[in-house]
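A.B. asks: So that we are looking at the same thing, I have put the structure below in structure tokens.
The values are calculated or read from the model by the stated rules, or taken from the named source; none is laboratory data. Just so we're clear, the structure is a prediction, and the values are computed from it rather than from any experiment. We place every Cβ from the backbone using ideal geometry, glycine too, and count neighbours over all the protein chains shown. The protein model used for the area step is the full one, side chains on, heavy atoms only, and it has no ligands, DNA or RNA in it. Shrake-Rupley method; radii C 1.70, N 1.55, O 1.52, S 1.80 Å.
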Amino acid sequence: MKRILLSTTSFQDTPGEHHAVLERSGFDLVRERGPLGEERMLELAGDLDGLLCGDDVLTRRVLEAMRPRLEVISKYGIGLDKIDLEACRELGVPVFFTPGVNHTTVAEHTFCLLLAMVRHLVDEVNHTRAGRWTRVTGNELWRKRMGLVGLGRIGIEVARRARGFEMELWGYGNHWPEEAAELGIVRSASLEELFSNCDVVSLHTRLRDDTRRLVNRDLLGCMREGALLINTSRGELVDTAAVLEALDAGRLGGYATDVLEQEPPPPDYPLLKHPKVLATPHIGSRTYESVPRQALRATLNLVHYFEGEPDPFRAV
């Protein structure tokens, strides 16, 4: 019987077919509430044949401690930045992931955050709940200019929704799909050009060494005064200190994020209580529709591997 660590909370908390498939697999499950840090992963090392993980920290140190017993990693989701992929290659540990399962859900959450910002939704709801009739004037999205950093599945889905508001779309990224032309997205020559020309910038690129703190003090300095920034990708894409400076200076009109550099954050995390910040607890893909899609794909990746069946969703 293969011993598998299951650490993703939304997988465990959300009903769906994935539970029955996992039960039929006959795995010996070790259930944890992730994301798990390096020390906890080291405590579990040496006793696992496979991982069905979310954003748990899988450093070289952890992976070396888990070998030789560890055979496979099935990532629930598409972000692989918490996994040392080079170490996986060297140690011969295959990594599977779940592309194409959450792009609609994350795109909807992106617009949820954007609409909440421009209409001061959270403040207004809090006012009415407190018995105050405080009517704050907001802004329309209609025909505003939106910049998209990254045009993968999620970026394209955000663009489709933006077209419903007749927003003018600009994009930046190495990947330029056919849909970009169909949606009328203007290709920016540089990030500086995109940031300086847009009313809203939304981040949808992967976290890599060259994109870590991509949004820094210089780039924020290019923004139109009062422009908005949205991040439903990875918290490490932005320099938090630079964002706070830009908010306090009035250069940045608001920052809405579903992701933070540290998750969960400490109570004194500086973004949490800033009046111009909307932060949600990494729930962009957490819906009753998206979670079962991700969870079933991740479970099948694991089952297929141990049954020796070919599977196209291998990242390493």
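A.B. asks: Being in a loop (DSSP other than H, G, I, E, B), free of Cβ contacts under 8 Å to residues at least 40 places away in the same chain and more than 23 Å from M117 (Cα to Cα) is the requirement here; does W142 meet it? If you could, list the steps in order and put the result at the bottom.
C.D. replies: Numbers: in a loop (DSSP other than H, G, I, E, B): yes; free of Cβ contacts under 8 Å to residues at least 40 places away in the same chain: yes; more than 23 Å from M117 (Cα to Cα): no.
Here the answer is no, as W142 does not meet what is asked.
A.B. asks: If you take the residues of the stretch 108-134 that are farther than 12 Å from D258 by Cβ, aliphatic (A, V, I, L, M) and part of a helix (DSSP H, G or I), which of them is most open to solvent (accessible area, probe 1.4 Å)?
C.D. replies: That would be L121.
A.B. asks: Checking the conditions here, which among L300, L260 is more than 19 Å from the chain's Cα centre (by Cα) and modelled with pLDDT of 95 or more? Walk me through how you get there before you give the answer.
C.D. replies: Details: L260 fails: more than 19 Å from the chain's Cα centre (by Cα).
Result: L300 is the single residue among L300, L260 that is more than 19 Å from the chain's Cα centre (by Cα) and modelled with pLDDT of 95 or more.
A.B. asks: Could you please tell me which pairs satisfy a Cβ distance under 7 Å, a separation of 6+ or placement on different chains, a first residue in the stretch 238-252 that is over 11 Å from V277 (Cβ atoms), and a second residue that is charged (D, E, K, R) and open to solvent by 50 Å² or more (accessible area, probe 1.4 Å)?
C.D. replies: Qualifying pairs under 7 Å: V238/R213; D239/R213; D239/R217; A242/R217; E245/R217; G250/E225; R251/E225.
A.B. asks: Considering only residues of the stretch 1-52 that are open to solvent by 50 Å² or more (accessible area, probe 1.4 Å) and assigned to a loop (DSSP other than H, G, I, E, B), which is farthest from R297 (Cα to Cα)?
C.D. replies: D47
A.B. asks: Anything in the stretch 53-98 that is outside any loop (DSSP other than H, G, I, E, B), among the aliphatic types (A, V, I, L, M) and surrounded by 18 or more Cβ atoms within 10 Å (Cβ to Cβ)? List them, or say none. Show your work before the answer.
C.D. replies: Narrowing the stretch 53-98 to residues outside any loop (DSSP other than H, G, I, E, B): 53, 58, 60-66, 72-75, 83, 85-91, 95-96.
The next check asks that each one be among the aliphatic types (A, V, I, L, M); those that pass are 58, 62-63, 65-66, 72-73, 83, 85, 87, 91, 95.
Scanning the stretch 53-98 gives L58, V62, L63, M66, V72, I73, I83, A87, V95.
A.B. asks: For the subset of the stretch 236-272 comprising residues that are in a loop (DSSP other than H, G, I, E, B) and among the charged types (D, E, K, R), which member is least open to solvent (accessible area, probe 1.4 Å)? Talk me through it step by step, then tell me what you get.
C.D. replies: First, pick out the residues of the stretch 236-272 that are in a loop (DSSP other than H, G, I, E, B): 239, 250-251, 258-272.
When the remaining residues are screened for being among the charged types (D, E, K, R), the result is 239, 251, 258, 261, 263, 268.
Details: D239: 37, R251: 91, D258: 5, E261: 56, E263: 67, D268: 126 Å².
Restricting to residues being in a loop (DSSP other than H, G, I, E, B) and among the charged types (D, E, K, R), the top hit is D258.
A.B. asks: Test S233 against the criterion of being outside any loop (DSSP other than H, G, I, E, B), of a type outside the set (A, V, I, L, M, F, W, C) and touching a Leu at 6+ places or on another chain (Cβ under 8 Å), and give yes or no. Reasoning before the result, please.
C.D. replies: Details: outside any loop (DSSP other than H, G, I, E, B): no; of a type outside the set (A, V, I, L, M, F, W, C): yes; touching a Leu at 6+ places or on another chain (Cβ under 8 Å): yes.
So S233 fails the test.
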